[in-house]
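Undergrad: Once you've had a glance at the structure underneath, I'll fire off some questions.
Every number here is computed from the coordinates shown, using simple stated rules; none is lab data. This one's a predicted model, so the numbers in the text were calculated from it and none came from an experiment. Cβ: placed from backbone, ideal geometry, glycine included. Neighbour counts: every protein chain shown.
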Amino acid sequence: MTTLRIILGDQLTSQISSLDGVDPQGDIILMCEVFAEATYVKHHKKKIAFIFSAMRHFADELRGIGYEVVYYPLDQAKPIVTFTQAVEKTLVAHNVNQIIVTEPGEHRVLCELQSWSDTFNLPVDIRADTRFLCDHAEFETWSAERKSLRMEYFYRDMRKKYSILMDGDQPVGGQWNFDSDNRKPPQPSFEVPDTYQNPPNEITKNVLSLVETQFPSHMGDTTGFHFAVTAAQAKVALAQFIEERLQYFGDFQDAMIQGKPWMYHAHIGLYLNVGLLLPLECISAAEQAYYRKQAPLNAVEGFIRQILGWREFVRGIYWQKMPGYASLNFFHAKQDLPAFYWNAETKMNCLHQSVKETVENAYAHHIQRLMVLGNFALLAGIDPRQVNDWFLSVYADAFEWVEMPNVMGMALFADGGVLASKPYASGGGYIKKMSNYCKDCSYKVTEKNGADACPFNYLYWDFLDRNRDKLGNNHRVGMMYKVYDRMDDNKKRAIHNDSAKFLKNLDALPSDC
Ligand code: DLZ
Ligand code: SF4
């Protein structure tokens, strides 16, 4: 009699709870390259390659320490389509008496796992994912005590719980949050150190060619693939960030420079989200850098807040609000996602650059995602479902538990304010301040209306006017309505006409994409 332990593609750590109590002699570990997981949204080629290569390396590591691993690589002639099929195939060959798996990061997959005890008539132990620093029950208790859920207070409790950057019961530096120091505009002359580069080995090369032949219509290509694919390599990538970029991370975390996609960010989200790195090791690496005086407090606190605060908070929201969260659409936004989100063909330079870098790298940094790509989708009234699917498929670090709250809550305000207190809407002025994109743009950021005007400028006001019934009573937006109401009728008409014309000409996704 045998226990079957299943490890999903984003659970690649020996600390995973499904391995707790494993018997190396008797148990079987199952991993599978599942066709539908790569295609139900068309994941970027580099993302699929990253996950498959990291899975293959992890399977080898487990075998190296004596475990029996059943690994199904993607069979091009006869692919395994679902996790359930992978289990079915394993059960035929092995006399299994129970299944153990760690809860997945997506509600859809959880439903699939929950159906197994009936399907296979076996006990199925779905264990908590103990990689996270706040479990479901703790988040429920925390949120039950509050009228509105705000990350800042959650974050403070997590700082205290794990005693991170604490001086007794007070925050180090006398302040919990140094975000106001973290908005410096870019200086294009910056020499930004390169991101971590890991040349593909034979295992990765095989995966790269598999992905190119098997998923030809997916975004991007595998050229220049450089991601870490083992925990040891991911640790080097983390150390390199701490050494070379963390000191500037805070000051310039919102800055965007044309041709410099990586800036001073960490680029470790993808490793953290598949288990190659663990949250506390990243947090403690940054905290130690502060105590060694290698990086200033605003940088270290900002980095730690992303992992200890924001990451855990959005996960809590995701599981608390699913499955209903996926279909929220506060503004009733219906516009189709424009084709330029896939091919970068737009005269709006900020969007062109952000999509181009996304296609090349399966990465864009948080302000490109939030204030360029997300802001445009918000102002243009793009259907949240389509925006979600796009973000989930194109970024190597995107898994639904983290992607959906960021897109639905933060970027689109489609949840009506569960996550954020106001929409992150802005005109072209913000992008001009925080980037050098505008100087190479066909549009003029200083013009508010007319054929040459930056579309963000009139779309911003049109968005507010269109959604007055939803936002009019939001005191954080109230000031902007006062500004709009003081505009004369000609100006308001020009805003409306420019927006209508622009939105009418936004082409939808071609049907073959
Ligand atoms: C995202 C993804 C992809 C592209 N491929 C696989 C796969 O082939 N096998 C697998 O076990 N997991 C894969 N994943 C990750 C799963 O989709 C992931 O477990 C869920 O999205 C839950 O986070
Ligand atoms: Fe973007 Fe407007 Fe600047 Fe062009 S002018 S880059 S569209 S913000």
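Undergrad: For the range 449-472, how many residues are basic (Lys, Arg) and without any contact (Cβ under 8 Å) to a residue 24 or more places away in the chain?
TA: Number of matching residues: 1.
Undergrad: Ok, one more. Mind checking which residues of the range 135-174 are exposed (fewer than 12 other Cβ atoms within 10 Å of the Cβ) and farther than 22 Å from Arg292 by Cα?
TA: Scanning the range 135-174 gives Ala137, Thr141, Ala144, Glu145, Arg146, Lys147, Ser148.
Undergrad: Sticking with this one: Please indicate, with yes or no, whether at least one residue in the range 45-61 is more than 16 Å from ligand 2 (Cβ to nearest atom), over 19 Å from Asn273 (Cβ atoms) and of a type in the set (Asp, Glu).
TA: yes
Undergrad: Moving to a separate point now. For the subset of the range 435-452 comprising residues that are near ligand 2 (Cβ under 9 Å from one of its atoms) and among the small types (Gly, Ala, Ser), which member is nearest to Gln368 (Cα to Cα)?
TA: It comes out as Ser435.
Undergrad: Now, a different point. Suppose the filter is of a type outside the set (Phe, Trp, Tyr), closer than 16 Å to Gly381 by Cβ, within 11 Å of ligand 2 (Cβ to nearest atom) and surrounded by 17 or more Cβ atoms within 10 Å (Cβ to Cβ); does Pro423 pass it?
TA: no
Undergrad: For the range 253-324, which helices (runs of 4 or more DSSP H) that fit wholly inside it have 1 or more residues that are surrounded by 22 or more Cβ atoms within 10 Å (Cβ to Cβ), among the aromatic types (Phe, Trp, Tyr) and more than 16 Å from ligand 1 (Cβ to nearest atom)?
TA: 297-304, 312-321
Undergrad: While we're on this one: Given the range 447-513, what helices (runs of 4 or more DSSP H) lie entirely inside it while holding 2 or more residues that are closer than 15 Å to Gly427 by Cβ?
TA: In the range 447-513, the matching helices (runs of 4 or more DSSP H) lie at 455-466, 478-486, 489-504.
Undergrad: Would you pick out the residues in the range 93-138 that are in a loop (DSSP other than H, G, I, E, B), within 14 Å of ligand 1 (Cβ to nearest atom) and over 21 Å from the mean Cα position of the chain (by Cα)?
TA: Within the range 93-138, no residue meets the criteria.
Undergrad: Pairs only if they're at least six apart or on different chains, beta carbon under 6 angstrom, first in the range 177-198 and under 27 Å from Ala234 (Cα atoms), second outside any loop (DSSP other than H, G, I, E, B) and of a type outside the set (Lys, Arg); list them, first residue then second.
TA: Final answer for the pair search is Asn182/Asn298; Asn182/Gly302; Pro193/Glu244; Tyr196/Ala237; Tyr196/Gln240; Asn198/Gln233.
Undergrad: What residue, among those in the range 330-341 that are outside any loop (DSSP other than H, G, I, E, B) and buried (at least 20 other Cβ atoms within 10 Å of the Cβ), is nearest to the chain's Cα centre (by Cα)?
TA: Top of the filtered list is Tyr341.
Undergrad: Let me ask something additional. Tell me the residue from Gln353, Gln294, Gln306 that is more than 30 Å from Arg108 (Cα to Cα), of a type in the set (S, T, N, Q) and out of contact with any Leu (no Cβ under 9 Å at 6 or more places or on another chain), please.
TA: The conditions single out Gln353.
Undergrad: Something else: Does Leu297 satisfy being more than 15 Å from the chain's Cα centre (by Cα) and of a type in the set (A, V, I, L, M, F, W, C)?
TA: yes
Undergrad: Could you please let me know if Glu140 is without any contact (Cβ under 8 Å) to a residue 12 or more places away in the chain and not polar (S, T, N, Q)?
TA: no
Undergrad: Please specify each residue of the range 216-249 satisfying the condition of being surrounded by 14 or more Cβ atoms within 10 Å (Cβ to Cβ), under 20 Å from Glu357 (Cα atoms) and either of a type in the set (Ser, Thr, Tyr) or over 21 Å from the mean Cα position of the chain (by Cα) (or both).
TA: Matches in the range 216-249: Thr222 only.
Undergrad: Could you say whether any residue in the range 345-352 is in contact (Cβ under 8 Å) with a residue 60 or more places away in the chain and surrounded by 24 or more Cβ atoms within 10 Å (Cβ to Cβ)?
TA: Yes - at least one qualifying residue is present in the range 345-352.
Undergrad: Going by what's in this entry, would Glu244 be described as free of Cβ contacts under 8 Å to residues at least 40 places away in the same chain, over 24 Å from Met371 (Cα atoms) and among the acidic types (Asp, Glu)?
TA: The answer is no for Glu244.
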